[in-house]
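No value in this document is a laboratory result; all are computed from the given coordinates. Small disclaimer: the values here were computed from a predicted structure and weren't measured. Cβ: placed from backbone, ideal geometry, glycine included. Neighbour counts: every protein chain shown.
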Amino acid sequence: MNKEYGQERIYFVSMLVGLLMFMLLYVPISIFHHYALADDDAFLPFAVALLLLPTIHSSLHVLSCLVLGRSIRIIPKRKFQVIPMFYFCTKSHESKMMSVLIAMAPTIFLTLPGLAASFMFKDVYVFILILTAANIGLSLKDFIYAAHLLRAPKRCRISNRVSSLDILIHPEQNR
């Protein structure tokens, strides 16, 4: 994907998507909460959570593989020499739907609860919305992967390597 879109372009568009999502979500939720003020005591936990968000996001991909019983090889790396990230390679070929589920795990387990929590917690909804919007921005690459996977043939197998995601088609499917 980096060859097709470019790493810097993906980062830039991810930031724009995160910012746009915050703007789109903030207005209706702030109206719902009648423009309540944020609790200043929640800033430090928010800052820590924001710094750890890329690590948590990548960990959810790995965790979803492990929970689903998939055999993987975990590759720890540091992003920008500071943020620990976890990448993985599957040791076997995965089904199309399993690969989509693994790609969408951070969206399912962080974004959806974040949206619900922003409605439930009036004092910290702004911080929760920022975290949720940042996770949506981080998920842009996952959405692109899922879109490619969903366009693949129905009974294909997915091979997740260190540097690529390969869609494998059985020769009999081409007939």
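With a 10 Å Cβ neighbour count serving as the proxy for reagent exposure, in which order, fewest first, do 62, 67 appear? Display every interim value, and only then the final one.
Working: 62 19, 67 11.
If I rank by nearby Cβ atoms, fewest first, I get 67, 62.
Treat every Asp and Glu Cβ in the chain as -1 and every Lys and Arg Cβ as +1, leave all other atoms uncharged, and give the resulting dipole magnitude about the Cα centre to the nearest 20 debye. If you can, show how the numbers build up before the last one.
Details: 17 positive and 10 negative charges, 217 e Å.
Dipole size: approximately 1040 debye.
Quick one: Kirkwood hydrodynamic radius for segment 26-111, alpha-carbon pairs, angstrom, one decimal? Don't jump to the answer; show the numbers that get you there.
On the way: mean 1/r = 0.0654 Å⁻¹.
One over the average 1/r among Cα pairs gives 15.3 Å for segment 26-111.
If you project the alpha carbons of segment 2-174 onto the principal axes, what extent comes out on each, in Å, largest first?
60, 32, 32
For segment 43-50, take each phi angle, set θ = phi - 60°, evaluate the Karplus expression 6.51 cos²θ - 1.76 cosθ + 1.60, and give the result in whole Hz per residue in order, putting x for glycine and proline.
The phi angles translate into 5, 4, x, 5, 4, 5, 5, 5 Hz.
Would you be so kind as to identify which of 65, 48, 92 lies farthest towards the positive end of the dipole of the chain, taking Lys and Arg as +1 and Asp and Glu as -1 on Cβ and the Cα centre as origin?
It is 92.
For the chain: lysine pairs with Cα atoms under 25 Å, gap of 8 or more or different chains, count?
Here the count comes out as 14.
For the ranges 110-119, 73-82, 12-21, what's the packing order if you count other beta-carbon atoms within 10 Å of each residue, average per peptide, and put the highest first? If you can, show how the numbers build up before the last one.
Numbers: 110-119: 16.8, 73-82: 9.7, 12-21: 15.2.
Final packing ranking: 110-119, 12-21, 73-82.
Taking the chain as the reference, fit the longest principal axis to its C-alpha atoms, fit the long axis of helix 125-138 to the helix C-alpha atoms, and give the angle between the two in degrees, 0 to 90, nearest 10.
For helix 125-138, the angle is close to 20 degrees.
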